Amino acid sequence: MDTYHKWLQSEKEWIDIYCKKIRRQSLFITTPFVLVVMTILFGGMSALNGGGQEDLLYGAFGGFMLGVIVCGIYLLILLPGLSAGRYTKKIEKNVRELSFSETEKEQLAQEMLAADEAHKISYTITGPGSKGTPGRFVLTPHYAFLEGSTPYSILVRLSDIARISSGEEQKTATTHQAKSRTIYNFTLHTIGFYRKDRQQNNAAGTDLPDIAYGFFDARIRDQVLALLKESGIESHDLT
């Protein structure tokens, strides 16, 4: 296995810890809880309607079977998305978008595997719509890598970047439940990357960054920004 694929394997193992945790919770906590609640609920409804023991049993069995159907649909939707390989494919796609040569891939992998803890920031993503997914930032001599956010993988080649900026954006998010929805207003704390070839890409006339990192927690953003400043990239505060 070459260095690049060793790095991808390490990334797969890192996110798989979270995937296994959610699978265990879904299979051994959420699913049994739903089955028990549905069984008791429908059995109790049969009893309250004046049915005898046989009706209670039929009601309980009907509730259990309905729970099986509901949990089956839930697991069919959830489990495919918890494949660790799915996440490493997102990283590979990100690398392809940057048109890395084989030599650059090996350099990227070597630097990522060699990165020390002083140049890594691990955190839990908490905010509207988030599910406690892990996030991580890694800075190496030539690359900045944020994973776990949206999109899952944001890789930056530092030699492409002229300057960075920090700022805040006011956002609105909506979460949907069975019969209701909740609207959240929140602040997204950002780091923007401005490429050296902005004029060539017709982006010089706008102040929008070419690449951006977003964080729910200003403290995490500031820690990442402090590490990036160590790379010597010019920084501007837009807040």
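The values are calculated or read from the model by the stated rules, or taken from the named source; none is laboratory data. Worth saying up front: this structure is predicted, and the values here are computed from it rather than measured. Ideal geometry is used to build each Cβ from the backbone, glycine not excepted, and the neighbour counts take in all protein chains shown. Heavy atoms of the whole protein, side chains included, go into the accessibility calculation; ligands, DNA and RNA do not. Shrake-Rupley method; radii C 1.70, N 1.55, O 1.52, S 1.80 Å.
Can you name every residue in segment 206-227 that is in a helix (DSSP H, G or I) and within 15 Å of Ser122 (Cβ to Cβ)? Matches in segment 206-227: Arg219, Ile220, Arg221, Gln223, Val224, Leu227. Here the condition is being at positive phi and open to solvent by less than 80 Å² (accessible area, probe 1.4 Å); of Gly50, Gly72, it holds for Gly50 alone.
Check segment 160-168 and report whether any residue there is part of a helix (DSSP H, G or I) and in contact (Cβ under 8 Å) with a residue 12 or more places away in the chain. The answer is yes; a qualifying residue exists. Residues in segment 103-128 that are without any contact (Cβ under 8 Å) to a residue 60 or more places away in the chain and over 20 Å from the mean Cα position of the chain (by Cα): how many? So the count comes out to 9.
Among the residues of segment 133-150 satisfying the criterion of being part of a loop (DSSP other than H, G, I, E, B) and of a type in the set (Gly, Ala, Ser), which is farthest from Thr174 (Cα to Cα)? Per the criteria, the residue is Gly148. Has segment 119-132 got at least one residue that is of a type outside the set (Ser, Thr, Tyr), in a helix (DSSP H, G or I) and either in contact with an Asp or Glu (Cβ under 6 Å, 6 or more places away or on another chain) or modelled with pLDDT of 95 or more (or both)? So far as segment 119-132 goes, yes, one or more of its residues are of a type outside the set (Ser, Thr, Tyr), in a helix (DSSP H, G or I) and either in contact with an Asp or Glu (Cβ under 6 Å, 6 or more places away or on another chain) or modelled with pLDDT of 95 or more (or both).
Answer yes or no: is there a residue in segment 2-13 that is modelled with pLDDT under 95 and under 28 Å from Phe137 (Cβ atoms). Yes: one or more hits. Checked against the criterion of being open to solvent by less than 40 Å² (accessible area, probe 1.4 Å) and at positive phi, the candidates Gly81, Gly59, Gly132 yield just one match: Gly132. Taking the stated definitions as given, is Ile191 surrounded by 11 or more Cβ atoms within 10 Å (Cβ to Cβ) and either modelled with pLDDT under 85 or under 29 Å from Phe145 (Cβ atoms) (or both)? When the stated conditions are applied, Ile191 passes them. Of the set (1) open to solvent by less than 50 Å² (accessible area, probe 1.4 Å); (2) in contact with a Pro (Cβ under 9 Å, 6 or more places away or on another chain); (3) small (Gly, Ala, Ser), all apply to Ser122 but (1).
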